[in-house]
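Report on one structure; see the data block that follows.
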Amino acid sequence: MNVRIGHGFDVHAFGDGDHVMLGGVRVAHVRGVVAHSDGDVVLHALCDAILGALALGDIGRHFPPSDARWKGADSLVFLKHCTELIRARGWKLGNVDVTVLCERPKVGPHAQAMREIIAAACDVDIAAISVKATTTEKLGFTGREEGIAAEAVCLLVRM
């Protein structure tokens, strides 16, 4: 097969703090997230999508929360590792589509910066990276503003 598709999902509860990390961007918010690393749901979902496409498990297998090295870690480290795995196995990233699920913070004003950061980390053209958001119409934990979630899909193409 010359293509592979991966899907990833991540969620974090809101907690103390004054910002959230989304796609490598520090976004001001009235809350932070409860997480072992920086809690970047965008990058965590994308890593899981890549690892899924490669059939290499999930982000927790590669960066276990039980390992103190990853306490407060910048999730771009995780994404760069996943990008190296893509190349090492003879694939290249075709495209990425990420959806953030939350009522707040507003993602739209930061989507372009997220796209730029993800494209640079993955060494692909920005045209291959999509970042968008939706609310859950005030339903569920994201609707009650108890947390934030993201889904990502990616396409890998054989080099």
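Report yes if Met159 is at pLDDT below 95, in contact with a Gly (Cβ under 6 Å, 6 or more places away or on another chain) and over 15 Å from Phe9 (Cα atoms), otherwise no.
yes
Give me the residue from segment 77-91 that is in contact with a Lys or Arg (Cβ under 9 Å, 6 or more places away or on another chain) and crowded, with 16+ Cβ neighbours inside 10 Å and, out of that set, farthest from Val34 (Cα to Cα).
Trp91
Checking the structure you have, find out if any residue of segment 58-69 is of a type in the set (Lys, Arg) and under 23 Å from Leu101 (Cβ atoms).
No: segment 58-69 contains no residue that is of a type in the set (Lys, Arg) and under 23 Å from Leu101 (Cβ atoms).
Counting only residues that are aliphatic (A, V, I, L, M) and under 20 Å from Leu22 (Cβ atoms), which one in segment 52-76 is surrounded by the most Cβ atoms within 10 Å (Cβ to Cβ)?
Ile59
When the residues of segment 2-29 are narrowed to those that are free of Cβ contacts under 8 Å to residues at least 40 places away in the same chain and on the phi < 0 side of the Ramachandran plot, which ends up surrounded by the fewest Cβ atoms within 10 Å (Cβ to Cβ)?
For segment 2-29, the residue satisfying everything is Asp16.
If I ask for residues that are within 16 Å of the chain's Cα centre (by Cα), within 25 Å of Val30 (Cβ to Cβ) and surrounded by fewer than 18 Cβ atoms within 10 Å (Cβ to Cβ), which ones from segment 117-159 would you list?
Passing the criteria: Lys132, Thr134.
List the strands (runs of 3 or more DSSP E) that sit entirely inside segment 45-159 and contain at least 2 residues that are without any contact (Cβ under 8 Å) to a residue 60 or more places away in the chain and out of contact with any Phe, Trp or Tyr (no Cβ under 6 Å at 6 or more places or on another chain).
91-101, 129-134
Please state which one of His29, His81 is closer than 21 Å to Arg115 by Cα and in contact with a strand residue (DSSP E or B) (Cβ under 9 Å, 6 or more places away or on another chain).
Of His29, His81, the one residue that is closer than 21 Å to Arg115 by Cα and in contact with a strand residue (DSSP E or B) (Cβ under 9 Å, 6 or more places away or on another chain) is His29.
The values are calculated or read from the model by the stated rules, or taken from the named source; none is laboratory data. Not measured: the values here are computed from a predicted model. Positions of Cβ are generated from backbone atoms using ideal geometry, with glycine treated the same way; all protein chains shown enter the neighbour counts.
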